[in-house]
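*Asks:* A single structure is presented below for examination.
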Amino acid sequence: MNTKSKLVLSLGLLVAPLALLAKSPESAYVEGYRGRTDVPVPVSVIMPEVESRFAGRQVTLEFVVDPTGKPVQIAPVTPGADAELVTAVTAAIAQWRFSPALVDGRPVARRVALPVVIVDYLDHPARLALK
């Protein structure tokens, strides 16, 4: 029986581990960006479930957040990444929505590089404390 793992973002911008345990990883990640206007700010995050065999793996995706807040031109930049993992993560990122970056109060497109680390936190909540 394959257990499922949740995707956890390793960006160094997540709030303290105790706050992560009190909230879902998705809401903690979104709240970590609150108030920023210089970068695209995630407002809706989808975390795909993947097989536990991907735990500990990292995939980096690059994409553009267009002025409407939609991620476009999503492409993996991790050499040799597993195609199944890349497909699952790409499908999830395509569903994300952002408040776009602002320049002089106007929304602009910005390129984003998003490193994603797969963590099986269903059995070990403390593993949410990332590097």
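*Asks:* May I ask you to evaluate 6.51 cos²θ - 1.76 cosθ + 1.60, the Karplus curve with θ = phi - 60°, for each residue of the stretch 80-93 and list the ³J(HN,Hα) values in order in whole Hz, giving x for glycine and proline?
*Replies:* Calculated HN-Hα couplings, in order: x, 5, 4, 4, 5, 5, 4, 4, 5, 5, 4, 4, 5, 4 Hz.
*Asks:* Then there's this: Using 0.36 nm times the number of residues separating ALA81 and GLU62, minus their current alpha carbon distance, what extension gain do you get?
*Replies:* 5.5 nm
*Asks:* Mind checking the per residue accessible area of the stretch 30-73 for me, 1.4 Å probe, whole number of Å²?
*Replies:* Each residue of the stretch 30-73 exposes 50 Å² on average to a 1.4 Å probe.
*Asks:* HN-Hα J couplings of the stretch 45-52 from phi, Karplus 6.51/-1.76/1.60, θ = phi - 60°, integer Hz, Gly and Pro as x?
*Replies:* Once rounded to whole Hz, the list reads 10, 10, 9, x, 8, 10, 5, 4.
*Asks:* So what is the orientation-averaged projected area of the stretch 36-96, using the convex hull of its C-alpha atoms, in nm²?
*Replies:* Spelled out: convex hull of the Cα atoms, projected over all directions, averaged, 4.7 nm².
The values are calculated or read from the model by the stated rules, or taken from the named source; none is laboratory data. Remember, it's a predicted structure, so these values are computed and weren't measured experimentally. Areas reflect the complete protein model, heavy atoms only, side chains present, ligands, DNA and RNA absent. Shrake-Rupley method; radii C 1.70, N 1.55, O 1.52, S 1.80 Å.
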